[in-house]
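A.B. asks: Sending over a structure as structure tokens; questions will come in a sec.
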Amino acid sequence: MASQDLIKKLEATIENIADFPIPGIQFKDISPIFLDPQLYKEVIADLVQFSKGKVNAVCGIESRGYLFGIAIAMALDVPFILIRKKGKLPPPIISEKYDLEYGSAEIETREGQIKPGQRILVHDDLLATGGTTEAAANLIQKQGGEVVQFSFLIGLKGLNGDEKLKKFGAEIYHTLTY
Ligand code: AMP
């Protein structure tokens, strides 16, 4: 559980931009966090605490999932695997199609980077509908990885993202919710 102090600082730092990138979306801009190295360290410490001793690999979702995911993996001393958007990784790749809050997409990993039986944390900056994360978890399971945790800096209430992820039976954590 994140401290009230950390939650307050994040609420004061993360910017809400209405109607971006399309009307009706309340976009959460996390970029001001990186202007404050102390706050960034506190965020990483919070996310690391959730996963310490529980996983032996981290999968981060492009691209904002890398901003925290790599630091989490480094602190846990476990491998970090990139889940990328379609067309960015050279073959051989494994891919998965999915729908998101705005539009649809496809994600990919390089074949062989996820090891069968690996206990994996799936991390992204924000959970909205859960479509992206669900696709990431499917992609990991296809390769024999065991999805044991999901973490997000932000969880958006009311879009039922947590519900969509329940079927994986993994722990779910968000540092703060809106
Ligand atoms: P979803 O698949 O609906 O859970 O969408 C999650 C992905 O879309 C994450 O990678 C987020 O970075 C991005 N995203 C979705 N909704 C928002 C939002 N309101 N503000 C910022 N990013 C968002």
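The values are calculated or read from the model by the stated rules, or taken from the named source; none is laboratory data. On a predicted model such as this, the values are computed, not experimentally measured, just so you know. Every residue, glycine as well, gets a Cβ built from its backbone with ideal geometry; the counts of neighbours run over all protein chains shown.
A.B. asks: Mind checking which pairs have a first residue in the stretch 150-168 that is without any contact (Cβ under 8 Å) to a residue 12 or more places away in the chain and a second that is in a helix (DSSP H, G or I) and near the ligand (Cβ under 9 Å from one of its atoms), Cβ under 9 Å, 6 or more apart or different chains?
C.D. replies: Lys167/Glu134
A.B. asks: Same structure again: If you go through the stretch 3-31 one residue at a time, how many are within 15 Å of the ligand (Cβ to nearest atom), in contact with a helix residue (DSSP H, G or I) (Cβ under 9 Å, 6 or more places away or on another chain) and of a type in the set (D, E, K, R)?
C.D. replies: So the count comes out to 1.
A.B. asks: Only residues that are among the small types (Gly, Ala, Ser) and within 16 Å of the ligand (Cβ to nearest atom): list them for the stretch 110-134, please.
C.D. replies: Ala128, Gly130, Gly131
A.B. asks: Select from the stretch 32-52 the residues that are in contact with a strand residue (DSSP E or B) (Cβ under 8 Å, 6 or more places away or on another chain) and of a type outside the set (A, V, I, L, M) and write down the one among them that is nearest to the ligand (Cβ to nearest atom).
C.D. replies: Pro32
Per-residue answers, yes or no, for (1) touching a residue at least 24 places away in the same chain (Cβ under 8 Å); (2) crowded, with 19+ Cβ neighbours inside 10 Å; (3) among the small types (Gly, Ala, Ser):
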site: Lys86; (1), (2), (3): no, no, no
site: Glu96; (1), (2), (3): yes, yes, no
site: Ser104; (1), (2), (3): no, no, yes
site: Pro116; (1), (2), (3): yes, no, no
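A.B. asks: Which of the residues belonging to the stretch 1-25 are at pLDDT 95 or above and either out of contact with any strand residue (DSSP E or B) (no Cβ under 9 Å at 6 or more places or on another chain) or not hydrophobic (A, V, I, L, M, F, W, C) (or both)?
C.D. replies: Correct list: Ser3, Gln4, Asp5, Lys8, Lys9, Glu11, Ala12, Thr13, Glu15, Asn16, Asp19.
A.B. asks: A further question on this structure: Go through the stretch 16-33 and report how many residues are within 20 Å of Gly65 (Cα to Cα) and loosely packed, with under 11 Cβ neighbours inside 10 Å.
C.D. replies: Taking the stretch 16-33 first, the residues within 20 Å of Gly65 (Cα to Cα) are 16-17, 20-21, 25-33.
Within this subset, residues satisfying the condition of being loosely packed, with under 11 Cβ neighbours inside 10 Å are 21.
Qualifying residue count for the region: 1.
A.B. asks: Let me ask another. State yes or no: is Gln143 surrounded by 14 or more Cβ atoms within 10 Å (Cβ to Cβ), without any contact (Cβ under 8 Å) to a residue 40 or more places away in the chain and away from the ligand (no atom under 11 Å from the Cβ)? Spell out the reasoning first.
C.D. replies: Working: surrounded by 14 or more Cβ atoms within 10 Å (Cβ to Cβ): yes; without any contact (Cβ under 8 Å) to a residue 40 or more places away in the chain: no; away from the ligand (no atom under 11 Å from the Cβ): yes.
Spelling it out, it is not the case that Gln143 is surrounded by 14 or more Cβ atoms within 10 Å (Cβ to Cβ), without any contact (Cβ under 8 Å) to a residue 40 or more places away in the chain and away from the ligand (no atom under 11 Å from the Cβ).
A.B. asks: Please find, within the stretch 138-172, the residue that is farthest from Ala128 (Cα to Cα) out of those that are of a type in the set (Asp, Glu) and more than 14 Å from the chain's Cα centre (by Cα). So that I can check it myself, show each step before the final result.
C.D. replies: Our first condition is that a residue be of a type in the set (Asp, Glu); within the stretch 138-172, this holds for 146, 162-163, 171.
With more than 14 Å from the chain's Cα centre (by Cα) added as a condition, the list becomes 146, 163.
Values: Glu146: 22, Glu163: 11 Å.
Step by step, filter the stretch 138-172, then rank; the result is Glu146.
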